[in-house]
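Below you'll find the structure, written out as C-alpha cells, and then a few comments.
Just so it is clear, none of the values below were taken in a lab; they were calculated from the coordinates. The structure presented is a predicted model; accordingly, all values stated were derived computationally and were not measured. For neighbour counting, all protein chains shown are included, and Cβ atoms are generated from backbone atoms with ideal geometry for every residue, glycine included.
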Amino acid sequence: MKTRKSPRIDIGISDTDRAKIAKGLSHLLADSYTLYLMTHNFHWNVTGPMFNTLHLMFMGQYTEQWNALDLIAERIRALGHPAPGTYKEFVKLASIKEAEGVPKATEMIRMLVAAQEATARTARELFPLIDKANDQPTADLLTQRLEVHEKTAWMLRSLLEE
C-alpha cells in the first residue's frame, strides 16, 4: 500500500523558519492555555468584597483567551506543524506555573498580572524571527495578542493601586 505524501508548503517562508515560528507559537499557545485555565479557575473560586466585579471581569478575560487559543493553534497548523494540545505538552512548553490552592482575591489579581505579562513576553520574543522570515500573518496575530495582554495586565494592576 502506498502512502500519500502531503504537498510541499511553498508560502515564501523556508521550512526551517516555519519550524522555528511554529515552535515559538507552541510556547505562546501553552502560555495562553495556562493563562486561560488560571483565569477560569479564579472566576469559579473568587470570594470577598470584589466578588461580583472580579467574577464578571475574569469571565470576560477567559472568554477572550479561549477564542485566541484557536487562532494561535490554527496559525501553527497553517505553517505545516502540529499544534500541542495536551496538558503534558502545555506544562513542558509554558513559562507560567499553575496556581496551587485557592488564593485570596488580591493574590489572584497579582498572579493574573504576572501571567498576562509572561504571555506578552512570550509573544514579543518571536518578533525578530518573524520579521526575518517576512511572516506578516504571524506578526499580525502577535500584535493583536500583545495589545490584549498588555491592556489586561494594566487593568488588573489598576485594581491593586491604593
Practice item. Taking the dipole about the Cα centre of region 15-160, with the C-beta of Lys and Arg at +1 and of Asp and Glu at -1, give me whichever of L29, L159, W66 is farthest to the positive side. Key: L159
Study note, to complete from the structure: Relative to the chain, whose Cα atoms define the longest principal axis, helix 105-124 and its Cα axis are tilted in degrees, nearest 10, by 20 degrees
Review point. Once phi is turned into ³J(HN,Hα) by the Karplus curve 6.51 cos²θ - 1.76 cosθ + 1.60 with θ = phi - 60°, what whole-Hz value does each residue of region 150-162 show in order, with x for glycine and proline?
Key: 5, 5, 5, 4, 4, 5, 5, 4, 4, 5, 8, 6, 7
Study note, to complete from the structure: Tilt, helix 15-45 to longest principal axis of the chain (alpha-carbon atoms), in degrees rounded to tens, equals 20 degrees
Exercise for review: Just grab the label-to-label distance for N45 and E161, each label 7 Å out from Cα along the Cβ direction, in nm (one decimal).
Suggested key: 2.9 nm
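So what is the calculated 222 nm ellipticity per residue for the chain, using -39500 (n - 2.57) for each DSSP H run with n of 4 or more, over all residues, to the nearest 500 deg cm²/dmol? Before the final figure, lay out each step's value.
Numbers: 6 runs with 118 residues, N = 162.
When only DSSP H runs of four or more count, the value is -25000 deg cm²/dmol.
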Revision key, fill the gap. Surrounding charge for E150, neighbours by C-beta under 10 angstrom, Lys/Arg +1, Asp/Glu -1, total +1
Point to revise | ³J(HN,Hα) computed for each position of region 66-73 - Karplus, 6.51 cos²θ - 1.76 cosθ + 1.60, integer Hz, glycine/proline x | key: 4, 5, 5, 4, 5, 4, 5, 4
Study note, to complete from the structure: Computed over region 1-105, the relative contact order (Cα-Cα under 8 Å, seq sep at least six) in percent reads 41 percent
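Let me know the shape class of region 73-162, please: from the alpha-carbon gyration tensor, a ≥ b ≥ c as square roots of the eigenvalues, rounded when a/c is under 1.5, otherwise prolate if a/b is greater than b/c, or oblate. Let's see the in-between values first.
Numbers: a/c = 3.13, a/b = 1.55, b/c = 2.03.
Judged from the Cα gyration tensor, region 73-162 comes out oblate (a/c at least 1.5, b/c at or above a/b).
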